[in-house]
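The values are calculated or read from the model by the stated rules, or taken from the named source; none is laboratory data. Nothing here was measured: the structure is a model prediction, and the numbers come from that model. FYI the Cβ positions are ideal-geometry reconstructions off the backbone, even for glycines, and counts take in every protein chain you see. Just the protein is used for accessible areas: all its heavy atoms, side chains included, with ligands, DNA and RNA removed. Shrake-Rupley method; radii C 1.70, N 1.55, O 1.52, S 1.80 Å.
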4 protein chains.
Amino acid sequence: MTERPLIISCPLPRTLPLLFAPDLLRDLFDRYDVVETTDEGLPALPAETLAEARYIIGQPPLSEDLLARMTSLRCIFNVESNLLPNMPYEDAFRRGIHVVTTGGVFAEPVAEIGLGFALSLARNIHGADADFRAGRERWGGEGNQAARLLTGSTIGILGMGALGQAVARLLPGFRPRLLAHDPWQAPSVTRGFGAEPVDLDTLLSSCSTLFVTAAVTSENQGFLGAEAFARMPRGASFILLSRAGVVDFDALMEAVRSGHIQAASDVFPDEPLPADHPARELPGFLLSAHRAGALDSAFKHMGEMVMEDLDLLDRGLPPQVCKRAERETVARFRSRPVAVN
Amino acid sequence: MTERPLIISCPLPRTLPLLFAPDLLRDLFDRYDVVETTDEGLPALPAETLAEARYIIGQPPLSEDLLARMTSLRCIFNVESNLLPNMPYEDAFRRGIHVVTTGGVFAEPVAEIGLGFALSLARNIHGADADFRAGRERWGGEGNQAARLLTGSTIGILGMGALGQAVARLLPGFRPRLLAHDPWQAPSVTRGFGAEPVDLDTLLSSCSTLFVTAAVTSENQGFLGAEAFARMPRGASFILLSRAGVVDFDALMEAVRSGHIQAASDVFPDEPLPADHPARELPGFLLSAHRAGALDSAFKHMGEMVMEDLDLLDRGLPPQVCKRAERETVARFRSRPVAVN
Amino acid sequence: MTERPLIISCPLPRTLPLLFAPDLLRDLFDRYDVVETTDEGLPALPAETLAEARYIIGQPPLSEDLLARMTSLRCIFNVESNLLPNMPYEDAFRRGIHVVTTGGVFAEPVAEIGLGFALSLARNIHGADADFRAGRERWGGEGNQAARLLTGSTIGILGMGALGQAVARLLPGFRPRLLAHDPWQAPSVTRGFGAEPVDLDTLLSSCSTLFVTAAVTSENQGFLGAEAFARMPRGASFILLSRAGVVDFDALMEAVRSGHIQAASDVFPDEPLPADHPARELPGFLLSAHRAGALDSAFKHMGEMVMEDLDLLDRGLPPQVCKRAERETVARFRSRPVAVN
Amino acid sequence: MTERPLIISCPLPRTLPLLFAPDLLRDLFDRYDVVETTDEGLPALPAETLAEARYIIGQPPLSEDLLARMTSLRCIFNVESNLLPNMPYEDAFRRGIHVVTTGGVFAEPVAEIGLGFALSLARNIHGADADFRAGRERWGGEGNQAARLLTGSTIGILGMGALGQAVARLLPGFRPRLLAHDPWQAPSVTRGFGAEPVDLDTLLSSCSTLFVTAAVTSENQGFLGAEAFARMPRGASFILLSRAGVVDFDALMEAVRSGHIQAASDVFPDEPLPADHPARELPGFLLSAHRAGALDSAFKHMGEMVMEDLDLLDRGLPPQVCKRAERETVARFRSRPVAVN
């Protein structure tokens, strides 16, 4: 006998307390009728509950029939944030049901660590600390043979989605020449973030620091290989922040091993990486174990996004904060979902 | 029989080729009559040469008598950049001879590595790389227990000279609350760099990241001790970029050892640091062997500054690019000069 | 026997040469099969042409039946830019046909003149010029009794769509406290433009300069009346840039006549305004005859936007540059279309 | 029997209440022993008072003898802000007495009205308002024949002192190509304000909007004449914000009359300007009666600057907020002082 909108919640591997800070969680339960279930339990909910549900928090598999029975549904909040081929998106779009993701929360933490990687490579911060601890540090200019500044340099961003944009926002203090490449984005949008849109070859051959933020799609798997690395200027830094799937990882390691470029990577072809993987011993390759985004503050940020969009949707407005899946691209993403947060 | 202005050059430990890129060095010799000597050789130069010299590049010891004989002198370019008590500054100022330093070139490289230190501490970039190589990395959120963002945090700068200003210029992308303390600077000047001027206690107790850029003066030696570190919020980062002389180094190490704060330092009480110094084994203390400023590009930048100010001085204008020594403060600095570049 | 995508063009009152600079117009005809018609002529086009048409440039009335026959349609570019109730939007959305507008081109020109209005009111630039010509100028501080700075002041924006955002982008140099109100927008989006989201009362009572950029909707007609103006601080500037329909115009004139506020307006309840309308003689009311957006460069900008989105659509991607109509809001807009450019 | 530092105050035409807001004025009298006098009265003050005076607020004529008797003097705050040849500056500098001016307070108000002039000229804001009142307004695009945007345009600043810098600070929102010329300033300093240093010819021939902020010196009187205006692009805006003495005013009027350029001016060869001066009837010439800087808030800002520097000087530090006169340039300025505020 409630008039509060009904939410079906099945966010695993996330959980509501991971997503919502205590105050916000209280708000959520105050304002909404929240039915907590699991991907498996959802189809078995009473027909009435399904028919009344306005929102889903989660990314459960939905059959055509199941979606059809959810006659009040307005928005599915995919809080895992990878779009899986597990529901009839076309049906949802036809009915005007929004499907949105909260992956934008990772943009700031990943961009920050990405800039940290870039500065560590440019100045060998991590290597100099290790040397110092081993008693083999070199003092002053002696330790700066390969050091260079980001200030005034040419910096590239491959992929100008939320993450590429977050990287761009951190850089103005360095007054760089900022280049970007993203075939899925209009040039004027790229320019709006202060970056000059260029083709891939120009990007690769011009930048002394290159941030790779492109999502894996059906079209770009492994598209950065030996040729791409060869095109980069000697001594340049290749910083991989999105998914290992966009590079030929062996070729990347070889380009670093040969001394042509340096690299940093937060992602790997296999995670966890085998104990005997050669990347673990490769000088000039800064290693991070898929830690770039997974901060507690990022997960809490997801809940804030969801709450803001719920408020808009409740008032008959479209969601604005979470990212909407699009008919044209929903089937093209190839990132694998996470199993742990 | 030249009409080119005469420069006496004795820049050791710098050298003209270190300071001037080849093109600029050619310009220097084209436009000026350059007499190359040493600190020791200078007093023995012909009286006529001394009387004609318009500029000195270097920081030679000058007696009152020697300065008095340099009747055409307009500017002394101290390219070592620490002001030593080795010349009668008051006489120079009385005669309107400028004494200027080029230490500003270190501001950008030091600020960049300082931000790199801050990001490495906030995300344990260096530690995670070492762990990964040792096969003990932790994946995803597991490895982020103490991780935090700079974005939106409270960041402090202690000392708003050229270096503090350069740090401030790198930060806007993080949209921080920026606080600063500098008793030698007017509050409105600090505000002009986007920082809120606060007292030392407020600075210490408010900031999760603190950049220390204050020069050592006769008044502030060792002024940051156990009490200061205790005031900092638990988990905060203390980043020492100027000189070890401003801190009680043992107290700093103890504050890190206890787990209260993290730290990064480019400077040490003794350089090189003894092989058995406990800092070398201290977790949470990021080490850098006085490498922050000593980039070749920084030294070349010195030459560019000198050339710009020579051009202004030649046209009867005051120097603007190098930093002028001031009657009020010239005797108060206590940084030791460098012996190597 | 072409394989070029087919565009049906009926952009009146715009024309293709108004929208596309010569080079771009050539590109358009090179890349596309362009069928030029009129709103009236469109339904009479051959069934085959209708069936093949991928794009419409224009905003023609479309019956359900007519739209149904356009089986290849992907996007309607409404270059007049007001969304009229003249087509079955729901059918279009169901089929995944985008309906987009190019009104964003007016944001920059309107924002610029809006800032010009604000500075003219704050300093009486227009009035002082008129006085000077009439020989009654007052010199120096005498002429500045009511003058005030924007720098450091509290500035408000009512409506944070493309126009409000463009205003916000011009203001950082004034280091204002920037407030905004827009019930259709999520607070975090507003914050992303550097403005603090506040309720309407706070906005009205806090700002010494208020830019009104809100579109007329079914919900906000005439919502700014005598009470709203009374809430504004004495001497504040009310700058109307969107549509006269959002204000009670008589109440606005009275608030200016009484000396409580100043105002500038580019829009009027009747356009052209009757020759004897009292606004024409009202001191403190800066008048502009709906000129804010109608620059030739703005119309040419429309063509650039259309070309960028055509390129994305041709490659199976969603449009990004033009603004998409939304199911939720398409029926709520009440701006009248223009009859002349 | 006081230990408060002694200030001699003779700021006419300013007055202490004009310069210091009530709270600050109270502070001034609390912290200092203030002897109020006039330019004429100063020499007749008791020898002891003269000998004790640490500061002067004002710009009184001082003979060599009088200055010699002021043995404790540290700083002269010239709050009129033009440096007159009425004191032995060389003696002051020799003794390390600072002579500082507070003219920097005018930079923000003048820059703001300057931007207002630029926008009024680019969009004919003032003219359209006059036309509207006269019943001859033109609606929409009809009224925009000569309208143009500042956004993305090439903008020039002639003179990069405090005023030119303040103009530069207002412009980033317009994303201009910003050029500047200032022979008294090092190129790297100009670059630091986001402007590209160019020679005068390039500046004149490249900019569609030109802000003239150069002070009159012994070298540049009337240096902008018919040739300079002819070099400007047709339709460009010439905005004169400093002093009429830098232009050939008749030539400027002729360049406007011919339709080649537009202009705005806040300053005139004779002030007040004769009632029959032809500038009063010149279309395309926006007129302002030397009102750009004389805001009450600007004068109050002077007091704040003086207080900040007094605090530094009291602590044995050099002044930083007011602008110091320089040996090299003090005798070269030719601006006439104001008689009224």
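Under the condition of being assigned to a loop (DSSP other than H, G, I, E, B) and facing chain C (nearest Cβ under 7 Å), which residue from the range A:302-322 is surrounded by the fewest Cβ atoms within 10 Å (Cβ to Cβ)? Of everything passing the filter in the range A:302-322, A:316 is surrounded by the fewest Cβ atoms within 10 Å (Cβ to Cβ).
Residue by residue, here is whether (1) part of a helix (DSSP H, G or I); (2) open to solvent by 10 Å² or more (accessible area, probe 1.4 Å); (3) in contact with a strand residue (DSSP E or B) (Cβ under 9 Å, 6 or more places away or on another chain); (4) not assigned by TED's automatic domain parsing to the domain that holds residue A:111 holds:
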position: A:183; (1), (2), (3), (4): no, yes, no, no
position: A:191; (1), (2), (3), (4): yes, yes, yes, no
position: A:215; (1), (2), (3), (4): no, yes, yes, no
position: A:221; (1), (2), (3), (4): no, yes, no, no
position: A:229; (1), (2), (3), (4): yes, no, yes, no
position: A:238; (1), (2), (3), (4): no, no, yes, no
position: A:250; (1), (2), (3), (4): yes, yes, no, no
position: A:253; (1), (2), (3), (4): yes, no, yes, no
position: A:268; (1), (2), (3), (4): no, no, yes, no
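For residue B:169, the conditions (1) more than 16 Å from residue B:241 (Cβ to Cβ); (2) within 14 Å of chain A (Cβ to nearest Cβ); (3) open to solvent by 20 Å² or more (accessible area, probe 1.4 Å) are fulfilled apart from (1).
I'm trying to understand the selection: among the residues of the range D:1-47, which are within 20 Å of residue D:65 (Cβ to Cβ) and of a type in the set (A, V, I, L, M)? If the condition is that a residue be within 20 Å of residue D:65 (Cβ to Cβ) and of a type in the set (A, V, I, L, M), then D:6, D:8, D:35, D:42, D:44, D:45, D:47 are the ones that fit. Please find, within the range A:78-113, the residue that is farthest from the other protein chains (Cβ to nearest Cβ) out of those that are in contact with a Ser or Thr (Cβ under 7 Å, 6 or more places away or on another chain) and closer than 16 Å to residue A:12 by Cα. Within the range A:78-113, the match that is farthest from the other protein chains (Cβ to nearest Cβ) is A:78. Residue C:54 falls short on exactly one of the conditions (1) open to solvent by 40 Å² or more (accessible area, probe 1.4 Å); (2) more than 22 Å from residue A:326 (Cβ to Cβ); (3) of a type outside the set (Asp, Glu), and that condition is (2).
Residues in the range B:149-162 that are open to solvent by less than 30 Å² (accessible area, probe 1.4 Å) and under 21 Å from the mean Cα position of the chain (by Cα) were compared, and the one that is farthest from residue B:211 (Cα to Cα) is B:160.
Sort out which residues of the range A:42-83 are charged (D, E, K, R) and either over 22 Å from the mean Cα position of the chain (by Cα) or not assigned by TED's automatic domain parsing to the domain that holds residue A:328 (or both), and write them in order of number.
A:48, A:52, A:54, A:64, A:65, A:69, A:74
Taking the stated definitions as given, is residue A:146 among the small types (Gly, Ala, Ser), more than 9 Å from every other protein chain (Cβ to nearest Cβ), surrounded by fewer than 19 Cβ atoms within 10 Å (Cβ to Cβ) and within 15 Å of residue A:286 (Cβ to Cβ)? So residue A:146 passes the test.
Would you check which residues across the range D:26-41 are assigned to a helix (DSSP H, G or I) and open to solvent by less than 40 Å² (accessible area, probe 1.4 Å) and list them? Hit for the range D:26-41 is D:28, nothing else. Evaluate the range C:329-338: report whether one residue or more is open to solvent by 10 Å² or more (accessible area, probe 1.4 Å), in contact with a His (Cβ under 9 Å, 6 or more places away or on another chain) and not assigned by TED's automatic domain parsing to the domain that holds residue C:76. Checking the range C:329-338: at least one residue is open to solvent by 10 Å² or more (accessible area, probe 1.4 Å), in contact with a His (Cβ under 9 Å, 6 or more places away or on another chain) and not assigned by TED's automatic domain parsing to the domain that holds residue C:76. Looking only at the range D:206-235, count how many residues are among the basic types (Lys, Arg) and either in contact (Cβ under 8 Å) with a residue 40 or more places away in the chain or over 18 Å from residue D:154 (Cβ atoms) (or both). Qualifying residue count, the range D:206-235: 0. Set side by side, the residues D:259, D:225 differ, and just one is in contact with a helix residue (DSSP H, G or I) (Cβ under 6 Å, 6 or more places away or on another chain) and farther than 15 Å from residue C:137 by Cα, which is D:225. Within the range B:84-106, the set of residues being out of contact with any strand residue (DSSP E or B) (no Cβ under 9 Å at 6 or more places or on another chain) and open to solvent by less than 10 Å² (accessible area, probe 1.4 Å) comprises just one member, B:105. Given (1) of a type outside the set (Val, Ile, Thr); (2) open to solvent by 30 Å² or more (accessible area, probe 1.4 Å); (3) under 24 Å from residue C:143 (Cα atoms); (4) within 13 Å of another protein chain (Cβ to nearest Cβ), where does residue D:326 come up short, assuming only one miss? Condition not satisfied by residue D:326: (3). Filter the range D:127-143 for residues that are more than 7 Å from every other protein chain (Cβ to nearest Cβ) and acidic (Asp, Glu); which is nearest to the chain's Cα centre (by Cα)? The extreme case among them is D:131. Taking (1) under 30 Å from residue B:219 (Cβ atoms); (2) not assigned by TED's automatic domain parsing to the domain that holds residue D:16 in turn, residue D:282 satisfies each apart from (1). Looking only at residues of the range C:57-76 that are in a helix (DSSP H, G or I) and hydrophobic (A, V, I, L, M, F, W, C), we find that the one that is most open to solvent (accessible area, probe 1.4 Å) is C:68.
Figure legend. Inter-residue proximity from the range A:84-95: first residues in the same structural domain as residue A:70 (by TED's automatic domain parsing), second residues of a type in the set (Phe, Trp, Tyr), beta-carbon distance below 9 Å, spacing 6+ or different chains. Indicated pairs: A:84/A:333; A:93/C:93; A:94/C:93.
Using the structure shown, decide if residue D:165 is modelled with pLDDT under 95 and in the same structural domain as residue D:227 (by TED's automatic domain parsing). In short, no.
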